1. From (1) closer than 24 Å to Ser42 by Cβ; (2) of a type in the set (Ser, Thr, Tyr); (3) crowded, with 22+ Cβ neighbours inside 10 Å; (4) touching a residue at least 60 places away in the same chain (Cβ under 8 Å), pick out the condition that doesn't hold for Ser190.
2. Of the conditions (1) of a type in the set (D, E, K, R); (2) part of a helix (DSSP H, G or I); (3) more than 23 Å from Asp156 (Cα to Cα), Glu208 clears all except one; give me its number.
3. Do we have any residue at all in segment 61-68 that's touching a residue at least 60 places away in the same chain (Cβ under 8 Å) and under 22 Å from Asn24 (Cβ atoms)?
4. If a residue must be without any contact (Cβ under 8 Å) to a residue 60 or more places away in the chain and either under 14 Å from Val113 (Cβ atoms) or not in a strand (DSSP E or B) (or both), how many such residues does segment 129-147 contain?
5. Tell me which residues, restricted to segment 37-93, are away from the ligand (no atom under 16 Å from the Cβ) and polar (S, T, N, Q).
6. Just checking, does segment 97-108 include any residue being within 16 Å of the ligand (Cβ to nearest atom) and assigned to a strand (DSSP E or B)?
7. Considering only residues of segment 133-190 that are polar (S, T, N, Q) and within 16 Å of the ligand (Cβ to nearest atom), which is nearest to Ala109 (Cα to Cα)?
8. For Ser192, only one of the following conditions fails: (1) over 13 Å from the mean Cα position of the chain (by Cα); (2) within 19 Å of Ser60 (Cα to Cα). What is its number?
Amino acid sequence: MKKLLFALFLITSLVSPAQNRLDNLEIITHEVTQNVYMLEGSGGNILIQVGESEVVMIDSQYAALSDKIKKEIARITDKPLTYLINTHYHGDHTGGNENFNTDKVTLIAHANVLNRLTENGKNENFLPEKVIEEEFELSLVDENDLIIHVHHAHTDGDSFIYLTKNNVVHMGDVFFNGRYPFIDLDSGGSISGYITAQKRVLNTINEETKIVPGHGALASYNDLATYIPMLVDLKAQIQKEISDGKNRKEVAKNNSITKKYDALGFGDGFVSSERIRTTIYDSLILETKDK
Ligand SMILES: [Zn+2]
C-alpha cells in the first residue's frame, strides 16, 4: 500500500503541474488573412484555413488542449473540418491528432511522420491516411495548398505548407521565429538541411507572404530572409572551429560565436546559445562521418 501511495504521489506530482498549466491555458487566435487563422496555445502553432465549404487544419498541439481548440475553431467557422496536415511527428504538433481525425477528416503528412508515429505505438487515428513523399498539391474548391517535403531539416519528415491564394505558409519547426532553432539530430535533422529547407521556403513564397512559424509570433518574409544568414554564419564559424581542432567542450563554451545573436534574444527560448553551438557542432561532425 505504501508503495502504491508513493507511486500515486509520483504520478500526480509529475503529471499535475503540466496538466494544470494546460487546464489554465487560453488559446489565442490571430487573424492572418480573412480566411486564415493562427492558433497559439502550448506547443506548435496551429493554422486554420476556412474554405468555401471546408476547413483545413495544420498541426494539432497536445491532446489535453483539443476541447479548447475545437471551441476556438467553432468560434471562427461552422464549416466542417476535412483535412488535417502534420508538419512533422513531434508530440507538440501531433498530440491532438486522434481528437480531430474523424471519419470525415483526411490526415496528411510525410511518410516519415507515419513511420515515426507507428514506431511510437500510436493508434490508427493518430496516423496519416494520405502519405506524401516529395510534393503534393491539395486542391480545394477555392484554394490550392502545396505540401512540400524538405530533407533532414528539423527532423527527417518535415513539410511546409504553402496556401497559394491566401499567400500564407506554415513552416512547422523549420522556423522558430526570433529564437535559435531546435534541430532534432536524433530524428534525422541537420543544420545543413535546415538552412537548405529555409532557402527552399524563401524561394517558394514572395515578399507579401505571411509566415506561421512552428514556434513564435507570426512572421514576415523579411524575418525569414534575415534568419537564414544567421544560421549560415553560425555554421561557418563552428565549421572553422572544427577545422582549427577545437573540441565540443570548447565550442560549447565559446560565447563569442553567438554573441551578436544572443544580444537580440535568440538564446532566450527552448534552445540556449550553448545548446545551438553544440547542436551545430554535433550536426557538422555527423555530416563529415556520413560523407
Ligand atoms: Zn518539432
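1. Failed condition: (1).
2. It is condition (2) that Glu208 fails.
3. no
4. From segment 129-147, those without any contact (Cβ under 8 Å) to a residue 60 or more places away in the chain are 129-137, 139, 144, 146; that's our starting set.
With the extra rule that they be either under 14 Å from Val113 (Cβ atoms) or not in a strand (DSSP E or B) (or both), the set shrinks to 129-134, 136.
Residues flagged as without any contact (Cβ under 8 Å) to a residue 60 or more places away in the chain and either under 14 Å from Val113 (Cβ atoms) or not in a strand (DSSP E or B) (or both) within segment 129-147 amount to 7.
5. Correct list: Gln49, Ser53, Ser66, Thr77, Thr82.
6. No, segment 97-108 has no match at all.
7. Ser159
8. (2)
Laboratory data are not the source of any read-out in this text; all were calculated from the coordinates shown. What you see is a predicted model, and the numbers here were worked out from it, not measured in a lab. No Cβ is skipped: glycine too gets one built from the backbone with ideal geometry, and neighbour counts run over all protein chains shown.
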